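A short write-up of the structure that comes next.
FYI, it's all coordinate maths here, none of it is from the lab. A quick note: this is a predicted structure, and the numbers were derived from the prediction, not measured. Ideal geometry is used to build each Cβ from the backbone, glycine not excepted, and the neighbour counts take in all protein chains shown.
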Amino acid sequence: MTAEGLSARLLRQQQAFRAEGPPSAAVRHNRIDRLVAMLFENSDALTDAMSADYGSRSPIASVMTEIMGIGSTIEYTRKNLERWMRPTRALPGYRLFGVKAEVEPTPKGVVGIIGPWNFPVNLVALPAAEAFAAGNRVMIKMSEVTSHTADTFATLTPRYFDSSELDIVVGGIEVAAEFAGLPFDHLFFTGSPSVGRLIQRAASDHLVPVTLELGGKNPVVVAQDADVGSHAGRIARARLINGGQVCLCPDYVFVAADRVEEFCQSASAAIREMLPSIVDSSDFCSSVNTANYERVLALVDDARNKGANIIPVAPPGESLPDSATRKIAPTLVTNVDSSMRITSEEIFGPVLVVMGYRCLDEVIDYVNERPSPLAVYWYGKDNKDFRQFVRRTRSGGVSRNDFALHMSFPQTPFGGVGRSGMGSYHGKAGFDTFSHHRPVVGSDIPFSFTGIAGPPYTRSKAAMAKLSVWSTRRQARRRLARFNQRRS
């Protein structure tokens, strides 16, 4: 795939968009319906492809996370898009004087989507549905890591879409680099922060707006008064979803210093109960490739060599790690320090760091001294400590007492902040991301409303400007005085 070939495919979509103009709600509904039909009518083919890419990945897990898991959000978007399309009235009071103002959501044009390998269907289909809802056409670059899934998706798409509506691009890193540099009207990327930097740099050549859904080291806090035993099982299960290869997985856990051992014992027991077998079981997802398998093992080895306590939780009689299946035993790591790579690098595997804490301020300082994560987790009551933790930390989202709860409902936006991303989607947030909100303002009054700013600058205009400055300055001084009085 050459740069010229990609440019020609983009041009075809751009020309089709200009010829059609903003599509009706019926057309948008139909495109979403065809996308849903493609996913659900071919769920077996898609899950088989994902299993082939991973080597060992539960088809049930693939259906639940990649297809069923996005169905409710897509349906919510479909149901509400006609209402979201309507212009909203602004400045209603001024209409009495002959000025009318509206804000009209308009499609941007052609949206480029670059997908990741950890959820290769979910994380391209969902943004595509929301781009369709906003009236756009879509080009998707599938991840080359999950090549079977990419090829299957590319083969299925022409049965449901003309390439001027939805076009699927496959290929390696070179193709991805060319794709990122195309003059899209919006570029959406899900992946690592390091690659996200490259994507934003490539998009900047054409001033393409970008949404970056990235990752990070997501902290978990088990409250001092919480039931450590029950929460340990939930946290361990969350760490093992997709073999730990989820941008929202908990990366490290803070537990009261005198309860770290209790947490590790409870988490180990829960893991053994849910996974009586690992090597021959599809319930435990493999590392996607040898590179990620070896990278995770290297993080654990580095921590071990620098004095960390490594607690592997392998079923009796099974030898792990196993290079043939690329499976690593669920592992707890304690007694860590900042010299260890595992405390600074996103793990993206079935390994969980456990640390003790004595007071909440200690936890808040630790989190704030590091890049903002995609999610923070709190296990315990919704009390003063929880609210203080939320208020004083920064993250893409917050979930309490469950995994990824904040991104499970289409009514809430999903996205990162700082190093964990920029922009958001899901439901209305996705519609807004892929729309340009254009103000449309008109006047029927018999003079220029804004002409006062132009020449000639008469004495009356000078007096009015002087009075305005004096009045605003006086108001500002009063407000500052009241603020200082309240503080003292």
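Observations
- Cβ-based net charge around Leu405, under 14 Å, with every Lys or Arg adding one and every Asp or Glu removing one: +1
- 10 °C / 1.306 mPa s Stokes-Einstein diffusion coefficient of segment 445-488, Kirkwood radius on C-alpha pairs, µm²/s: 122
- Beta bridges per DSSP with both ends in the chain, % antiparallel, nearest 5: 35
- Vicinal HN-Hα couplings computed from phi for segment 336-344 (Karplus, 6.51 cos²θ - 1.76 cosθ + 1.60; Hz; Gly/Pro x): 9, 9, 5, 6, 8, 4, 5, 8, 10
- DSSP beta bridges in segment 1-160 [antiparallel fraction, %, rounded to 5]: 40
- Within segment 218-409, antiparallel bridges make up roughly 20 percent of the DSSP beta bridges whose residues both belong there.
- Going from the residue with the fewest nearby Cβ atoms within 10 Å to the one with the most, Val417, Val246 rank Val417, Val246.
- q = 0.13, 0.19 Å⁻¹: log10 I(q)/I(0) that the Debye formula gives for segment 218-409, counting C-alpha atoms only: -0.64, -1.40
- Degrees between helix 459-487 axis and first principal axis of the chain (Cα, 0 to 90, nearest 10): 30
- Taking the C-alpha atoms only, the angle from helix 147-156 to the longest principal axis of the chain is near 50 degrees.
- Estimated D of segment 48-184 in µm² per second, where Rh is the Kirkwood radius over Cα pairs and Stokes-Einstein applies at 25 °C, 0.890 mPa s: 145
- Ordering of 54-65, 477-488 by packing [mean C-beta count within 10 Å, highest first]: 54-65, 477-488
- Working from label points 7 Å from Cα in the Cα-to-Cβ sense, the Leu467 to Glu82 distance is 5.1 nm.
- The protection proxy used here, the mean number of other Cβ atoms lying within 10 Å of each residue, ranks peptides 400-408, 275-283 as follows, highest first: 400-408, 275-283.
- Set Lys108/Lys141; Lys79/Lys108; Lys108/Lys428; Lys381/Lys428 screened for pairs whose C-alpha atoms are more than 25 Å apart: Lys381/Lys428
- Amide H to amide H, with H built 1.01 Å from N, Val169 comes under 5 Å of Ile140, Lys141, Met142, counting only residues 5 or more places away or on other chains.
- Only one of [x] 208; [y] 146; [z] 198 was calculated from the structure for volume of the Cα convex hull per residue in Å³, and its label is [z].
- Measuring nothing but how far apart in sequence close Cα pairs (under 8 Å, 6+ apart) lie, relative to its length, segment 8-153 scores a relative contact order of 31 percent.
- Modelled spin-label separation between Asp365 and Ala37, with each label point placed 7 Å from Cα along the Cα-to-Cβ direction: 6.1 nm.
- Cα-based Kirkwood hydrodynamic radius, segment 267-353, one decimal, Å: 13.2
- From helices alone, the chain scores -13500 deg cm²/dmol at 222 nm; the rule is -39500 (n - 2.57) for each run of n ≥ 4 DSSP H residues, then divide by the residue total.
- The peptide list 35-41, 158-164, put in order of mean Cβ contacts within 10 Å with the highest first, becomes 35-41, 158-164.
- Relative to the dominant Cα principal axis of the chain, helix 69-85 is inclined by about 0°.
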